[in-house]
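This report concerns only the one structure given below.
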Amino acid sequence: GYDVAPGCPALVVANGPSLDQAVEFLREAHDRAVIFTCGTALGSMTKAGIKPHFHVEQERPRSMAEWIAYASDEQDRAGITLLALNTTHPDVFEQFERGGMGLKFRDAGTSFLEQTGASEEAAVQLTECNPTVLNAAFSFVKELGFTEVYLIGADLGFPAGDKHHSELSLYYDLKEGAEETVYVQTRPADALVVPGNFGTDVETSSAFLRSRESLEAALAKCPDVRCYNT
């Protein structure tokens, strides 16, 4: 039960390298927009001292709960509403005071909930919510009624060099061997070199390309939504 004020923008924050250029803007815009963090962007925003209004998760592994605990404490998460797919580990829901669930389209768990009648009032079914948490976030934003959406840190690729996420990201803080206890994603094994938006080549992956296609498909179904990739 959220009422979106007419014209209120949604800022969807992912953890790509370009997030670093938007930190001051996000601070200034905090009280004039609704901020949604995607996955590990929560840690970067916490480090920057910016609290999102919503946080979105969609991954299945329990390690997502470990990442959240590593990136923030209870006080950091106080007041943030979690939005997550039904595929998300239950421990993730336990980390937030309030949460909302979206049903993943064509998922076995969703089919079960539909057969038992448990999905009728509990959640909305989300199409185009994969493959990345950015897609899940946009699906939630669209369902909540936002018609002006800004994507921040949604690079879906990597520039040349070693930078693969925001400099604020906890990926750079992990001690050697940490990948044994938390899931670490840096550069993809199937990296592809493609033209970037600003005249230089960038690395991307098949998953990121599918993410872009899924986002474009979602936008095509809602022509009333104005979406800007910053």
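The values are calculated or read from the model by the stated rules, or taken from the named source; none is laboratory data. Quantities reported herein were computed from a predicted structural model and do not represent experimental measurements. Side chains are part of the model used for accessible areas, which takes the heavy atoms of the whole protein and leaves out ligands, DNA and RNA. Shrake-Rupley method; radii C 1.70, N 1.55, O 1.52, S 1.80 Å.
Quick notes on this one:
- Residues 101, 45 ordered from highest to lowest accessible area at a 1.4 Å probe: 101, 45.
- Per-residue SASA remark: residue 89, around 50 Å² accessible (1.4 Å probe; ligands, DNA and RNA not included).
- Rounded to 5, the percent of DSSP beta bridges in segment 1-143 classed as antiparallel: 0 percent
- Carbon plus sulfur fraction of accessible area for segment 12-157, probe 1.4 Å, in percent: 48 percent
- Residue 206 accessible area, 1.4 Å probe, all protein chains in place, Å² to nearest 10: 50 Å²
- Shape call, segment 1-137: gyration tensor on alpha carbons, a/c limit 1.5: prolate
- The slack between residue 220 and residue 127, meaning 0.36 nm per residue of separation minus the straight C-alpha distance, is 32.2 nm.
- Difference of contour (0.36 nm per residue) and Cα-Cα distance, residue 143 to residue 191: 14.0 nm
- With an a/c value of 1.5 or above and a/b not larger than b/c for the gyration tensor axes a ≥ b ≥ c computed over the alpha-carbon atoms, segment 19-58 is described as oblate.
- Accessible area of residue 73 in the full protein assembly, 1.4 Å probe (Å², nearest 10): 80 Å²
- Solvent-accessible area per residue for segment 60-103 (1.4 angstrom probe, square angstrom): 48 Å²
- Residue order by solvent-accessible surface for 74, 213, 28, 148 is 74, 28, 213, 148, largest first, with ligands and nucleic acids left out and a 1.4 Å probe.
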